[in-house]
Structure formats: structure tokens, C-alpha cells
1. Distance check, please: which entries in LYS239/LYS295; LYS164/LYS295; LYS164/LYS239; LYS162/LYS185; LYS162/LYS195; LYS162/LYS295 exceed 28 angstrom between their Cα atoms?
2. Rule-of-thumb check for the range 144-213: C-alpha Rg over 2.2 N^0.38 Å?
3. Which residues in the range 120-138 place their backbone N less than 14 Å from a point set 7 Å from the Cα of GLU183 along the Cα-to-Cβ direction?
4. Residue by residue, what Karplus-based ³J(HN,Hα) values in Hz, rounded to whole numbers, does the range 19-26 have, using 6.51, -1.76 and 1.60 with θ = phi - 60° and x for Gly and Pro?
5. Pick out, in residue order, every one of the trypsin sites (Lys or Arg not before Pro) in the range 137-179 that is DSSP loop and has at most 15 other C-beta atoms within 10 Å; say none if there are none.
6. Taking amide H atoms as placed 1.01 Å from N in the peptide plane, list the residues 5 or more away in sequence, or in a different chain, whose amide H sits under 5 Å from that of SER187.
7. In whole Hz, what ³J(HN,Hα) sequence does the range 59-71 give by Karplus (6.51, -1.76, 1.60; θ = phi - 60°), x for Gly and Pro?
8. When the Karplus curve 6.51 cos²θ - 1.76 cosθ + 1.60 is applied with θ = phi - 60°, which whole-Hz ³J(HN,Hα) does each residue of the range 127-132 get, with x for Gly and Pro?
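Each reported figure results from applying straightforward, stated rules to the coordinates on display, with no laboratory input. Model, not experiment: these values are computed from the prediction. Positions of Cβ are backbone-derived with ideal geometry, glycine not excepted, and every protein chain shown enters the neighbour counts.
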Amino acid sequence: MEPATNPASWVTNQDYPVAAMRDEREGVSGFRLTIGPDGLPQRCEIIGSSGHPDLDAATCRLVMERARFKPGRNARGEAVGGTYSNRIRWQIPDGSDHTEEMAGFEVDTTLESWPRGPIPDDGLLRIDPAVHYPPTALAAREEGTVHMELAVDSAGRVSVCKVKESSLSAALDDAACALMRNEGKFSPALDSEGKPTTGVLAATFRWSLPHDVRDAEGTAASGQRPRPPRQFPLSEPGKSILSMRVNADGTVTDCTYLQDGETWLMAPGINPCDTIGGAQRDIPFTDAEGKPVAKDVTLRIELKLDAAGDANSAMHK
């Protein structure tokens with residue numbers, strides 16, 4: 001597959017994840033794209049990790065959004081898909097200012113959409129928190145990170161914003177969701193056939209006081225205003241079971257999904273079986289002789305809360 005656009009334009013210095021730049025994390029992310037006959041990426045997988053999940057996740061998110069290809073041709077001259085592999089070197093540019101006055105929005109990679117979730121537009125990633133700071137929160141010198149669950153419709157607009165973990169400021173929580181509804185623009189999620197569909201993703205918005213306010217008051221920079229404790233994110237027990245049959249021809253059938261409580265496997269209300277199967281075919285399992293065979297696949301995730309020491313005893317057993 002031959003790129004139709006310059007690969008150097010797919011990821012730029014301005015795309016460096018905020019937290020990774022702040023913590024001075026660098027590395028090389030090797031990736032492989034599966035390309036459809038229309039020249040658009042359908043799937044991205046990391047084949048050589050940078051050693052940092054946020055850099056790897058940013059690599060796939062950006063190349064899926066920006067990479068475009070000239071379709072290949074078969075012997076009959078018909079457009080066909082293929083694969084493309086390359087690497088992204090994440091290196092903090094010289095002279096970078098590692099301040100916290102950077103774009104506040106980030107996709108939370110702890111919750112993945114399936115098979116390809118909504119992809120934020122560049123403008124969303126560059127929203128300046130200082131421009132949208134709620135006056136009441138600014139006057140009270142409030143800071144914090146809002147953890148959100150965003151429902152994005154098939155047109156790429158945010159239809160629902162739920163605060164999953166509060167910043168401990170109602171003004172900041174409300175302002176973050178208002179920004180997502182008004183400014184949130186995405187490339188919509190794709191279903192198993194590559195068509196736009198609704199999707200859910202986890203995201204964060206970090207509100208940091210502007211530096212002129214910090215310098216004037218000195219409270220945030222000096223740490224004189226301690227942050228109240230937050231609730232531990234894994235505080236509610238839950239269980240998820242996903243099962244399906246992968247047939248010998250590579251099709252997936254008999255998919256069922258059960259969820260009780262929260263386990264972080266999928267966002268509440270989302271059934272992964274809706275995006276599994278259909279016209280999609282995968283490479284089937286094989287037996288010892290290399291012949292295709294059917295397999296029943298089951299994924300179980302359970303979140304338990306045990307008294308101190310009980311979990312370790314159970315694990316050793």
C-alpha cells in the first residue's frame with residue numbers, strides 16, 4: 001500500500017500527549033495498519049511498543065485518523081486492500097515548555113471502544129482550559145481532572161456526557177461536559193462492517209489554573225491548598241462474561257455478553273456483541289495439523305473487594 005499523504009504529517013510535535021511530555025516519556029511505537037479497498041485504515045495494531053501505553057495509543061489514534069492510501073489493484077484491476085507498517089518516534093522537541101497550561105482534553109485509554117471507537121478532531125485536543133475556565137471555579141482557585149464517559153453519535157457529535165469521577169468541583173464538572181457537548185467533534189465509531197455508528201469512550205479534561213493566577217496567588221504552585229482525597233476508582237464489585245464461537249471459516253457466531261456491576265471491560269449499556277460478527281471474517285484457529293477448527297472463546301473479568309490479606313491468600317491458592 002502506498003501512502004496518499006505524507007506520513008510525516010500524520011503525527012507532529014503538537015500531538016505529544018500532555019502527560020507523557022510532562023513526565024518526559026519518549027520511545028518508538030511500531031504499528032501495522034489494515035487498509036480497506038477505499039484506502040482508509042480499518043485497523044491499527046502496535047507491533048513494537050514504545051514502552052508507554054499512552055504513546056502507543058496516541059500512535060494508533062492519530063494514524064487511524066490521518067493516514068490515507070492509494071488502493072492496490074489485483075490482476076483484474078480491481079481496488080483491493082492490504083497492510084502497511086511503519087514507526088513513530090516520540091521525542092520531546094528541544095526547547096519544549098513542560099508547563100501544565102496545555103490542552104486539557106485527553107482520551108482515557110483504560111476504556112477502549114470496540115472495534116474502533118470515536119476519534120477526536122484536532123481542535124478538541126487543543127482546547128485551552130484557560131479560555132473556558134468557569135468564573136466561579138477561577139474565583140475559588142479550584143483545579144482538578146474530570147473523568148467522563150462520552151456517547152458519540154454516528155455524525156461524530158457528543159450526545160451524552162456523564163461524569164464518572166468528579167474533579168471535586170461541580171463548576172468544573174459541569175463546564176467540562178458543556179465543552180464536550182458544544183465543542184466535541186469526532187470521527188464516529190465504526191461497526192464491524194466499517195460503517196459509522198454510535199460509540200462510547202472514556203475521556204478526561206484537566207483544569208489547571210492559568211499561570212497568571214498561580215503567580216498572583218501562589219497557592220497552587222506552593223501546594224498551600226491541599227486537595228481533598230478522592231474515591232478509589234475500583235470501589236464497586238462487578239463481573240463481566242463475554243463468550244462467542246469462532247467458526248472454522250473465520251466467522252463469529254453465538255455471541256453473548258453479561259455484565260453485573262462495573263468491571264471496566266466495557267462502558268455500561270454497551271454490548272460488544274453488537275460489533276462482533278456480521279460480514280467480518282477473522283483468521284480461524286487451527287489444530288495440530290494446521291487445519292481450521294472452531295473454538296468457543298470466553299472472557300471473564302471479575303472485580304472483587306476482599307478484606308486485607310484475603311486476596312493474597314486466594315491468589316496463592
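1. Over 28 Å Cα-Cα: LYS164/LYS295; LYS162/LYS295.
2. Working: Rg = 13.8 Å, N = 70, 2.2 N^0.38 = 11.1 Å.
Normalised Rg, Cα atoms only: 1.25.
3. Counting only backbone N, you get 121-135.
4. Per-residue couplings from phi come out as 5, 5, 5, 4, 8, 6, 8, 10 Hz.
5. Values: sites: ARG141, ARG157, LYS162, LYS164; in loops: ARG141.
Filter output for the range 137-179: ARG141.
6. ILE119, ASP121
7. Values, residue by residue: 4, 5, 4, 6, 6, 5, 6, 10, 5, 9, 9, 7, x Hz.
8. With coefficients 6.51, -1.76 and 1.60, one gets 4, 8, x, 4, 5, 10 Hz.
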